[in-house]
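Student: Questions regarding the structure given below will be posed in turn.
None of the figures in this text is laboratory data; all of them are computed from the coordinates on show. Here the structure is a predicted model, which means the values were calculated and not measured. Using ideal geometry, Cβ is built from the backbone for each residue, glycine included, and neighbour counts are taken over all protein chains shown.
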């Protein structure tokens, strides 16, 4: 167990400059399990699985999300496989430098699959629900440090965004962390149809919300 943990830490924090100088391997080698979550996603009373693997051969360190749904016979069936939803650790777009963010966490609760990701100045969560044979994005919640808005006080100002994609209601609230004082609240309706599907979702899409 200790050797496995040490191996993962070594590949996560290998010097990106050295890695990037090597040739990029184009063959998929998603050989290290990074995330592993269980829960009932399709509400059949059986445990489904969400797994994230890293390709430790490719110098960009890409990641693959896989979702397995339970079958009546108890076996798991691959429902989703995506290499687009999580950014590589050392992406080509950043010249092989570390992207600066932790690998997203995944949770399953009440049939909802939640992905929590770091973004610049905060974090964002995406809720996906299994409907009509697809995992559809139904809600987005974002919390960001909003110090650039020019509020002058002794508290840190944050903006919390809640976007219900089913109703289309998007609410932004500026408040003081600690005092819970609301400084400004904005509401608007944004309808997105059809609802985004997890297999089409790209990590860069998070900045659309």
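Student: What share of all Cα pairs of segment 72-150, in percent, falls into each consecutive 10 Å distance bin?
Tutor: All Cα pairs considered, the percentages come to 14, 37, 31, 14, 3, 1.
Student: Next question, about the same structure. Evaluate E = 1/(1 + (r/R0)^6) for residue 181 and residue 57, where r is the Cβ-Cβ distance and R0 equals 41 Å; express this FRET efficiency to the nearest 0.05.
Tutor: That pair, residue 181 with residue 57, gives E of 0.20.
Student: Put a dot 7 Å past each Cα toward the Cβ at residue 193 and residue 123; how far apart are the dots in nm?
Tutor: According to this spin-label approximation, the distance is 3.4 nm.
Student: Taking neighbour counts of Cβ atoms within 10 Å as a proxy for exposure, in what order, fewest first, do 202, 142 appear?
Tutor: 202, 142
Student: Taking the highest mean first, how do the peptides 120-126, 93-99, 80-86, 185-191 order by number of other beta carbon atoms within 10 angstrom per residue?
Tutor: 80-86, 120-126, 93-99, 185-191
Student: Taking 25 Å as R0, compute the FRET efficiency from the Cβ-Cβ separation of residue 42 and residue 105 and round it to 0.05.
Tutor: After rounding, the FRET efficiency stands at 0.75.
Student: Pulled fully out, how much extra length does the chain show between residue 166 and residue 31, if you take 0.36 nm times their separation in residues and subtract their Cα-Cα distance?
Tutor: Here the answer is 44.9 nm.
Student: To make sure I understand, if each residue's beta carbon is the centre and we count other beta carbons within 10 Å, what order do 77, 40 fall in, fewest to most?
Tutor: 77, 40
Student: Based only on other Cβ atoms within 10 Å, what is the fewest-to-most ordering of 47, 206, 115?
Tutor: Lowest to highest Cβ neighbour count: 47, 206, 115.
Student: Quick one: the Cα spread of segment 18-137 along its three principal axes, in angstroms, biggest first?
Tutor: Principal-axis extents of the Cα atoms in segment 18-137, largest first: 48, 34, 21 Å.
Student: In whole Å, what is the distance between the alpha-carbon centres of segment 96-132 and segment 189-209?
Tutor: After rounding, the separation between the Cα centres reads 13 Å.
Student: Using a Förster radius of 41 Å, what is the FRET efficiency between residue 208 and residue 73 based on their Cβ-Cβ separation? Nearest 0.05, please. Numbers along the way, then the final one.
Tutor: Values: r = 40 Å, r/R0 = 0.97.
The calculated FRET efficiency here is 0.55.
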